[in-house]
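Handing you a structure now.
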Amino acid sequence: MHRTVESIIKGQKVIDDGDMTLFRALPQIERRSLGPFVFLDHYKHDSKRGIGDQPHPHAGIEVYTYLIKGKMEHSDSRGFKDVLEQGDSQWIRAGSGILHAEKPFEGRHGLQLWTALPPEKSEIEPAYKSFKSNVIPIIEKDGATIKVLTGTVDGVHGLIESETPTVLSCIYFSRSTSIEIEVNESFELGLYGVLGSFTVDNKTIQTGELAVLSTGDKITIFSQSDDAIVALIGGEKITWKIFFSGPFVATSKEGLSKAEKNFVAGNMGTLDGVPF
């Protein structure tokens, strides 16, 4: 059964100052999560100025970064250091708490997403992995290339082994064309417009918009642009309560308070003098 479009959420333009554009598609008033995803930032900037370039903490989540263009350096309080370039991806399991920073070497275009960890894993040990562009599984379709980061699309499995059943893929269209992909029938899924415009179920989605889809095992996407980029995101629906407080996500208010105290106490480690 083909999925249809249930709603279209316009990403909030958090920054638009001539150098940087930042859309935030999740969380929104009308939608706090899609599958386990509770946060979706889409950024583009020309200068070396960045977001997340100063040390900052995370807890209770998994963080996914996909770099469409540019180059940056990752460092964190667990001692992981890495350099990401165009087409690379990284995964951070923040769990009980980690500090990290992303230093841009040049202008960037990318996505950062968070998934909420389930209650039994919310304080799991932090971890980090990166996946270079040349090892990320791809699917070639008529006029489109699909990079599968996590989960399964058309029977192809991504390399990121997330704690929650998750799908994250980036679809590049080289011309105006229509493709059909097979997906998990029961997952909550959506399509986010990264560049250009595309159509699903006779509804047009523009850059910065998130189309929330119905259930089904197939999606047909028609690209209206020669260089459109579309992100497929989603997974198993969250069945527990989620609470936000800045960079922390928890399953209770007490969990948020604990994360904040752990950060201040230095229990998440330190990075470049932060938090002291």
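With the contact rule set at Cα under 8 Å and sequence spacing of 6 or more, what percent relative contact order holds for the chain? Numbers along the way, then the final one.
On the way: 790 pairs, mean separation 60.5, N = 276.
Rounded, it is 22 percent for the chain.
Using only helices, what value at 222 nm comes out for the chain when you add -39,500 (n - 2.57) per DSSP H run of length 4 or more and divide by the total residues, to the nearest 500 deg cm²/dmol? Walk me through the numbers before you get to the answer.
Details: 1 runs with 12 residues, N = 276.
Result for the chain, helices only: -1500 deg cm²/dmol.
Here's another thing I want to ask about it. Taking θ = phi - 60°, what integer Hz values does the Karplus form 6.51 cos²θ - 1.76 cosθ + 1.60 yield along the range 35-41, in sequence order, with x for Gly and Pro?
In residue order, the calculated couplings are x, x, 6, 10, 7, 9, 10 Hz.
In addition: Taking θ as phi - 60°, what are the ³J(HN,Hα) couplings along the range 179-187 by the Karplus curve (6.51, -1.76, 1.60), each to the nearest whole Hz, with x for Gly and Pro?
These are the phi-based 3J(HN,Hα) values: 10, 10, 10, 9, 9, 4, 5, 8, 5 Hz.
Per-residue HN-Hα couplings for the range 58-73, Karplus 6.51 cos²θ - 1.76 cosθ + 1.60 at θ = phi - 60°, whole Hz, x for Gly and Pro?
Values per residue, Gly and Pro as x: 9, 7, x, 9, 10, 10, 10, 10, 10, 9, 6, 8, x, 8, 8, 10 Hz.
Around Phe222, under 11 Å between beta carbons, what's the net of Lys plus Arg minus Asp minus Glu among the other residues?
Details: positive: Lys203; negative: Glu180, Asp201.
Charge balance in the 11 Å sphere: -1.
Next question. I'd like the orientation of helix 253-264 relative to the chain: the angle between its Cα long axis and the longest Cα principal axis, in ° from 0 to 90, rounded to 10.
Rounded to the nearest ten degrees, it is 60.
Which of the residue pairs Lys48/Lys129; Lys121/Lys258; Lys13/Lys218; Lys13/Lys81; Lys44/Lys103 have a Cα-Cα distance greater than 19 Å in the structure shown?
Values: Lys48/Lys129 24 Å; Lys121/Lys258 15 Å; Lys13/Lys218 31 Å; Lys13/Lys81 31 Å; Lys44/Lys103 14 Å.
Distance filter (> 19 Å) returns Lys48/Lys129; Lys13/Lys218; Lys13/Lys81.
While we're on this one: Net charge around Ala94, counting only other residues with Cβ within less than 15 Å of its Cβ (Lys, Arg = +1; Asp, Glu = -1)? Can you show the working numbers first?
Working: positive: Arg78, Arg93, Lys121, Lys129, Lys258; negative: Glu62, Asp76, Glu102, Glu123, Glu125, Glu163, Glu260.
Result for the local shell: -2.
Sticking with this one: Nothing charged except the Cβ atoms of Lys and Arg (+1) and of Asp and Glu (-1): what's the magnitude of the dipole of the range 47-204 about its Cα centre? Round to the nearest 20 debye.
On the way: 16 positive and 22 negative charges, 147 e Å.
So the magnitude is around 700 debye.
Values quoted throughout were computed directly from the atomic coordinates according to the rules given, and no laboratory measurement underlies them. As the structure is a prediction and not an experimental result, all values here were calculated from the model. Glycine gets a Cβ as well: all are built from the backbone with ideal geometry, and neighbour counts include every protein chain shown.
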